[in-house]
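The values are calculated or read from the model by the stated rules, or taken from the named source; none is laboratory data. What you see is a predicted model, and the numbers here were worked out from it, not measured in a lab. Don't worry about glycine lacking a Cβ; one is built from the backbone with ideal geometry, like all the others, and counts go over all protein chains shown.
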Amino acid sequence: MGIFNLFGAGTFRHGVHPPSHKAATAHQPIRRLPFPDHLVIPLNQHIGKPAKLLVKKGQEVVRGEPLASADGFVSVPIHAPATGRIRDIRLMPSARGEQAMAIILHVYAAATQEVLWRNPVDPGALDPQGMIQAIQDTGMVGLGGAAFPSHVKLSIPEEKSVDTLVVNGCECEPYLSCDHRTMLEHPRELMRGIRYAMQATGVSKAIVGVEENKMDAVKLLREHLHAQSDISVEAVETKYPQGSEKMLIKSLMGREVPAGGIPLDIGVVVNNVGTLAALGKLLPVGEGLTERVVTVTGPGVEKPGNYIIPLGTPIGYVLKQVGYIGGENEFILGGPMMGPSVSDMETPVTKGTSGLLVLNEPEIEQETRRIWPCIKCGRCLNACPMHLNPAYLGLLAAKREYEEMAQTYHLNDCFECGCCSYVCPSNIPLVQHFRIAKAINREQAA
Amino acid sequence: MAKKPAIELRTTPHIHAPQDVIMIMRNVVYASLPMAAWAVWQYGLSALMLLLVVVASCMLSERVLNAKQGNTLGDWSAAITGILLFLTLPPGFPLWMGVIAGFSAIGLGKALFGGLGMNVFNPALVGRAFVQAAFPVAITSWTPAFFDGRFTTLIPSTLTAPFMIPPETGEWNMQVAVDAFTGATPLGLQKFDAVSTPVLDLLTGMTAGSAGESAALIILVCGLYLAFRGMLDWRIPVAVMAGTAITAAVFHFIDPVAYPDAMFMLFSGGLMLGAWFMASDMVGSPVTPAGVIIYGLLIGFVTVIIRLFGGLTEGVMYAILLGNAVTPLIDQVTQPRVFGHRKSS
Ligand code: SF4
Ligand code: SF4
C-alpha cells in the first residue's frame, strides 16, 4: 500500500489485457441449478492424496454425509452432494485428462435435498490447531481453481512466521465472475471466513485484493469492515494474471516471492475469496463442501450466469440446463487462459471448477491459425509476468534443449499463465512447449 | 449433443490477442505505401517502374528461394522488403539493377538464413548494401525531383539495358531541373561543400536523394501510425533518434562550423526511414526491453560517426546492419531479471 497508492492501484509489471467478457454474468444474481439424476464424484478433487472411500456400492447416503475421509494430512474428506444411492464406484474421465476413481451417485428425485448430516463446531472456542482440523473437516480446497487443501495452506510450519493474510478477489481470468458475485452476495460469510483464516494462522493483518473492474465489490466489502482496522480492502489494476499469488502479493505489498519459493517464505498466506466465503458459511454449521458457484458462460450458452451446482454434476447436464446452443464448440473448465479443455460430457464439476466456458467457432478458429516462425517481436518478453524470455525458451524447445531451458533460462519459474502464447503474433504454442519441456525434465530427473 | 473425439485436446490459452504476423505485416505495407506514393509523385514514371520491378523481384525471389517453407508470399514480408528497398534507391536507378537488388535482398538477406524470422540482417538493407558495392556510381546518381514531364518521360538511366553502364545523367539533370540542381544530396552538400540545407526543406522532401531520404514528415506520420497500433516498438526509433541527436549535438558543441547540428542530422538522409522502418524491423532487433534501447542508441551513434568521419555521406544503412549484427550479443547481456531472482542471469 502506501507509496503504491500514490501511483493509483497497485500492480505488477507485464501481463496482458484480454477482453473481459464478464458483463454477461457479472450482473445477475447467483442461481441454483436443479439436481441431475446422477453425480460423478471423483476421489481426487484436490491436490494431494485422494480421499479414502467410506461407502460401498448400493449403499444409501444422505446429503452432507462423508463419502470418503481424508487420507493423511494433505487430503480432504468428500461429502455426499445429494441424497441417493451409490450406483457404482469406478474409473471415470476427469478434468485433468486421465481417468480417476469416482463414486457414481444415483440421486433420489423425490428427496428434498436438505443437508441432513452436520458436525457443528464453535469457532470461537477453537485454538489454531482445532481450527485447522475444523477446516479440514469441511473438505475445503482452493475454489479459485487450484484445489489445494485449504487447511494445509493455512497451517504455518513452526520455523516460518507469517504476518499477512492476502485474500484474493482478483478473478483475473476473462469470462469468470463467480468470485465477484460471491463478494457482492455473501460479504458477511466472507468476512467470517477471513476471521477463521486469521485465527488458524495467527496473522494480525488481512488484505483483500480486488481488481479495479469490481469497484462495487470493493465498496461493499469496505462497508462490511465496520471498524475492523486489521482487515483492509485494496483495489489492484485489472490485468491478467493479477490473481496469481505471486503477482497479487507484489501488487499489494511490493514483496517478491523468491524463485522456487511459496508465499509463506515472505510471511504471506493467500486464500481466494470464494474459498473463505464458503468456509464462513460451512464451518460454523459443520457442513461439508457439497456444492459450489460456477460461472457458466461463453458464446455457446443461451443463459449464461453464475450457478450453484452440486459437486459431481456432469457438464453435459449443466449445459442442458443453461441452454447449450450447439455447433462446433470447445468446452473449458475454468477460464480461457489456464483452464483445461474437456470433451467428455460426463466430466463432472468438482471442487476446483470455477467456470464452464463454451467457446464456439470463431474463437476456436483463432486457435487453429497458422503457426509462423518467431519474428523476434519481443511481445512475449513484455507480457511474461515472471520476466522470462519465452521467445528464446521457444527456440530452445524447438531444438529440444530442455535442460538448457531449465538451467539457464529459468523454465521452472514459468507457471504456465499463458500470457506469452496469448500475445504471440506467430501463434507459437509456447506454453505447450514449456509444459512438454518440464514434463521431460521431470521424467529425466526421476 | 455431438461427442468430440477424446484426442482433440486443445492447449491453453484458448484465446489470443488479435494481432498475428499477417495483420502486422499487412499494416507495415499500408504504412509504407504513402512513402512510396510520395516518391512516385516526386519522380514520376521512373520511380513507379522501379517500385514495381523491385517489389516483383523480391516477391519472385521469395517464392523461389523460400519454397521450402511453402508459399510464404502471404506473410507480406517480401513485399515490405521490396518497398523499403525501393525507398533507399535513387529514383533513376536502372531497372535491371533493381532486379538484382531485390534478388540479393531476399537471397542473401533472408533465404540464406532460412527465411522469415531467421534472418540476422534487415533484408532490404542487405540488398541495398549489395548494389552499393556492385554499382557504386549508379547508386549515387541523383536526379532532380519534380522535373517537368516526369509522368510522361523517363529518367535516362532507368531503361539501361541489362549489364550495361547507365548513361551519364548530369547534363540531363541540368536541362530538367527546376532550380539549379547540383545532383548532390543534403548530406553530400554538407560534407563536401559545407552547405547546410534548411530543416524545413528536409522535412517536406524538397531535396534530392533517394525516395526514402526525403520527406521525413511522411515517414514520421507513417511510423507513428504503426507505433500507435502497437505494431512497431516505438522505443527503437526513439532511441535511434536520441542516439543520433545526442552524438550530433556533442560534436556540434565542440565545433559548430565543422559539424552540423542535431536537427540536420535527424532529418537528413535516410535516418528517419532507417529509424522507423528498418532499425525497428522486429526480426533483426533485440527482444529484451533494455536491449532495444541500447540497440537504438548504438545505431544513432554509429550513424553520426560514419557520416562525420567515414568516406561515405550516408551511414544509417551500415549502422543498422551493425546493430543487427550485435543484436544476439545485446540480447544475451540484457536478459531481464527473472521475478523472484536476485540478479539477472
Ligand atoms: S506461460 Fe510461462 S513463460 Fe509464458 S508468460 Fe506465463 S510465466 Fe511467462
Ligand atoms: S511473441 Fe512470438 S514471435 Fe514474438 S518474440 Fe515471442 S515467440 Fe517470437
Yes/no for B:Val240 being part of a helix (DSSP H, G or I), more than 30 Å from B:Val21 (Cβ to Cβ) and more than 16 Å from ligand 2 (Cβ to nearest atom)
no
Just checking, how many residues over segment B:192-241 are at pLDDT 70 or above and not β-branched (Val, Ile, Thr)?
23
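Give the residue, chosen from A:Pro373, A:Pro425, A:Pro390, that is buried (at least 18 other Cβ atoms within 10 Å of the Cβ), more than 8 Å from every other protein chain (Cβ to nearest Cβ) and within 12 Å of ligand 2 (Cβ to nearest atom).
Going through A:Pro373, A:Pro425, A:Pro390 in turn, just one is buried (at least 18 other Cβ atoms within 10 Å of the Cβ), more than 8 Å from every other protein chain (Cβ to nearest Cβ) and within 12 Å of ligand 2 (Cβ to nearest atom): A:Pro390.
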Of the listed residues (B:Gly274, B:Gly284, B:Gly270, B:Gly315), the one being closer than 12 Å to B:Ile330 by Cα and either within 11 Å of chain A (Cβ to nearest Cβ) or in contact (Cβ under 8 Å) with a residue 12 or more places away in the chain (or both) is B:Gly284
Of the residues that make up segment A:400-409, is at least one crowded, with 16+ Cβ neighbours inside 10 Å, out of contact with any strand residue (DSSP E or B) (no Cβ under 6 Å at 6 or more places or on another chain), at pLDDT below 95 and within 10 Å of chain B (Cβ to nearest Cβ)?
yes
Residue that is farthest from B:Ile22 (Cα to Cα) [pool: residues in segment A:416-429 that are within 6 Å of ligand 1 (Cβ to nearest atom) and of a type in the set (A, V, I, L, M, F, W, C)]
A:Cys417
Restricting segment A:235-273 to residues that are part of a loop (DSSP other than H, G, I, E, B) and hydrophobic (A, V, I, L, M, F, W, C), the residue that is farthest from the other protein chains (Cβ to nearest Cβ):
A:Ile262
Which ones in segment A:431-446 are over 24 Å from A:Val257 (Cα atoms) and either among the charged types (D, E, K, R) or within 12 Å of ligand 2 (Cβ to nearest atom) (or both)?
A:His433, A:Glu443
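For segment A:410-422, what are the residues that are surrounded by fewer than 23 Cβ atoms within 10 Å (Cβ to Cβ), in contact (Cβ under 8 Å) with a residue 40 or more places away in the chain and of a type outside the set (D, E, K, R)?
A:His410, A:Asn412, A:Phe415, listed by residue number.
Condition check: surrounded by 15 or more Cβ atoms within 10 Å (Cβ to Cβ), touching a residue at least 12 places away in the same chain (Cβ under 8 Å), under 23 Å from A:Ala200 (Cβ atoms) and out of contact with any helix residue (DSSP H, G or I) (no Cβ under 8 Å at 6 or more places or on another chain). Does A:Ile135 satisfy that?
no
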Does A:Lys438 satisfy the criteria of being away from chain B (no Cβ under 11 Å), touching a residue at least 40 places away in the same chain (Cβ under 8 Å) and either over 24 Å from B:Val21 (Cβ atoms) or away from ligand 1 (no atom under 16 Å from the Cβ) (or both)?
no
I need the full set of residues from segment A:407-422 which are near ligand 2 (Cβ under 10 Å from one of its atoms) and of a type in the set (D, E, K, R), in order please.
none
Would you point out which residue out of A:Glu346, A:Glu367, A:Glu361 is within 20 Å of A:Asn329 (Cα to Cα), within 7 Å of chain B (Cβ to nearest Cβ), at pLDDT below 95 and within 27 Å of the chain's Cα centre (by Cα)?
A:Glu367
Of (1) closer than 29 Å to A:Val349 by Cβ; (2) in contact with a Leu (Cβ under 6 Å, 6 or more places away or on another chain); (3) modelled with pLDDT under 95, A:Met140 satisfies all except one. Which?
(3)
Have a look at A:Leu381, A:Leu395 and point out the one that is within 16 Å of ligand 2 (Cβ to nearest atom), closer than 30 Å to B:Ile236 by Cα and buried (at least 22 other Cβ atoms within 10 Å of the Cβ).
A:Leu381
Tally the residues that are among the aliphatic types (A, V, I, L, M) and over 19 Å from the mean Cα position of the chain (by Cα), restricting the search to segment A:171-200.
3
Complete set of residues in segment B:253-269 that are more than 18 Å from B:Leu217 (Cα to Cα) and crowded, with 19+ Cβ neighbours inside 10 Å
B:Tyr259, B:Pro260
I'd like the full set of residues that are over 26 Å from A:Val301 (Cα atoms) and surrounded by 24 or more Cβ atoms within 10 Å (Cβ to Cβ), limited to segment A:167-195.
A:Val167, A:Asn168, A:Leu190, A:Gly193, A:Ile194
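Have a look at B:Thr11, B:Thr72, B:Thr81 and point out the one that is closer than 30 Å to A:Val16 by Cβ, within 14 Å of another protein chain (Cβ to nearest Cβ) and within 23 Å of the chain's Cα centre (by Cα). Walk me through how you get there before you give the answer.
On the way: B:Thr11 fails: within 23 Å of the chain's Cα centre (by Cα); B:Thr81 fails: closer than 30 Å to A:Val16 by Cβ.
One residue alone meets the criteria, B:Thr72.
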Does B:Met265 fit the bill of being in a helix (DSSP H, G or I), under 14 Å from the mean Cα position of the chain (by Cα) and under 17 Å from B:Ala248 (Cα atoms)?
no
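Given A:Leu276, A:Leu319, which one is facing another protein chain (nearest Cβ under 9 Å) and part of a helix (DSSP H, G or I)?
A:Leu319
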